[in-house]
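Okay, structure first, notes after.
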Amino acid sequence: MSDTHFGFSTVDDSAKAERVRGVFDSVAPKYDVMNDLMSLGLHRAWKAYAVAVARPRAGDRVLDLAGGTGDLARAFAKPVGASGLVVHTDINEAMLRQGRDRLLDEGIVLPTALCDAESLPFASDSFDLVSVAFGLRNMTHKDKALAEMARVLKNGGRLIVLEFSRVAAPLARAYDWYSFNVLPRIGQWVAGDGASYRYLAESIRVHPDQAALKAMMKSAGFGHVDVHNLNAGVVALHVGIKC
Ligand SMILES: C[S@@+](CC[C@H](N)C(=O)[O-])C[C@H]1O[C@@H](n2cnc3c(N)ncnc32)[C@H](O)[C@@H]1O
């Protein structure tokens, strides 16, 4: 048995997934409104940027991991078109249901799979593009998940990882104040759950920074990795090519 982070707490490896499940079971119904409130709508621009950089093409096979309420899956659906495929996945049933229902309400029908990114039920070399937005941070064995992402990608395929990262030093104090004082209060007020949003703030601080994640992606089989800092590193987009 080994230990891992759950925010600032140290927990047994086997306990983390259960605790993360508790967070997303709790926040699923208010997840979208919370995203807009917490980021003042910026998460939409971060995701639009990620999709633009990913450049989905007609006919592409796309796998969206930790897809939650489906923002990226929805954005990929149109450009890949009828000749392509977007698979919307998550480990959490409440989040996946929320996303699936929302996409269906918008007339978007995608294959949906409940699955753990650390053990993917897909054939090797079967996708052109894999995406994971704000999901990697919550995974227990990030190296295992990245290796799975590399496995299911075709040679030359691309992985995009959109995730909170290390903010530029001059902004760190203000960002900490916002994260630990404001975020949990908004979470309590809107979702009735301040603790989950405190976990969010803590989990960002223990997540690998830009350079560490780039090194992890290289070790997992991405021969080329680019890093794009967004909003001074509040968020980073890592783009890996399997080569
Ligand atoms: C912050 S949400 C992100 C949802 C969506 N991608 C977005 O950007 O709005 C994180 C998601 O990661 C999922 N997740 C956590 N661990 C996972 C794992 N091991 N495999 C797949 N999904 C996981 C959670 O269930 C949750 O839906």
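Rule-based calculations on the coordinates, nothing more; no lab input. Only a predicted model underlies this, so the values are computations on that prediction, with no experimental measurement involved. Every residue, glycine as well, gets a Cβ built from its backbone with ideal geometry; the counts of neighbours run over all protein chains shown.
For a Förster distance of 25 Å, can you work out the FRET efficiency between the beta-carbons of His224 and Ala168, rounded to the nearest 0.05?
On the way: r = 25 Å, r/R0 = 0.99.
With a Förster radius of 25 Å, E is 0.50.
What is the magnitude of the charge dipole of the chain about its Cα centre, with +1 placed on the Cβ of each Lys and Arg, -1 on the Cβ of each Asp and Glu, and no other charges, expressed in debye to the nearest 20? Mind showing how you got there, number by number?
On the way: 28 positive and 27 negative charges, 124 e Å.
The dipole of the chain has a size of about 600 debye.
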- prompt: So for the pair Ser2, Ile108, with labels modelled 7 Å out along Cα→Cβ, what separation do we get in nm?
  reply: 3.7 nm
task: Would you calculate the separation in nanometres between label points at Ser83 and Trp177, each defined as 7 Å from the Cα along the Cα-to-beta-carbon direction?
output: 5.5 nm
task: Provide the gained length on full extension for the span Ile241 to Arg97, in nm with one decimal, where the gain is 0.36 nm per separating residue minus the Cα-Cα distance.
output: 48.8 nm
task: Using a Förster distance of 30 angstrom, determine the FRET efficiency expected from the C-beta separation of Ala52 and Glu18, and round it to 0.05.
output: 0.25
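Tell me, what is a quarter of the convex hull surface for the C-alpha atoms of region 198-239, in nm² with one decimal? Could the numbers behind the result be given before it?
Values: hull surface 12.8 nm².
Averaging across all directions leaves 3.2 nm² for the Cα convex hull.
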- prompt: Which net charge results for the neighbourhood of Tyr175, defined as the other residues with beta-carbon distances under 12 angstrom from its beta-carbon, given Lys and Arg at +1 and Asp and Glu at -1?
  reply: +2
- line: Note on region 154-243, DSSP bridge orientation, antiparallel percent to nearest 5 equals 100 percent
- request: Grab the Cα-Cα distance for Leu42 and Asp209, subtract it from 0.36 nm times how many residues apart they are, and report the gain in nm with one decimal.
  value: 58.1 nm
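Net charge around Arg21, counting only other residues with Cβ within less than 12 Å of its Cβ (Lys, Arg = +1; Asp, Glu = -1)?
-3
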- prompt: What residue among Leu153, Leu230, Ala169 has its Cα farthest toward the positive end of the dipole of region 137-243, where the charges are +1 on Lys, Arg and -1 on Asp, Glu, each on the Cβ?
  reply: Leu153
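Any idea what the relative contact order of the chain is, in percent, if you count C-alpha pairs under 8 Å spaced at least 6 apart?
With pairs under 8 Å counted, the relative contact order is 20 percent.
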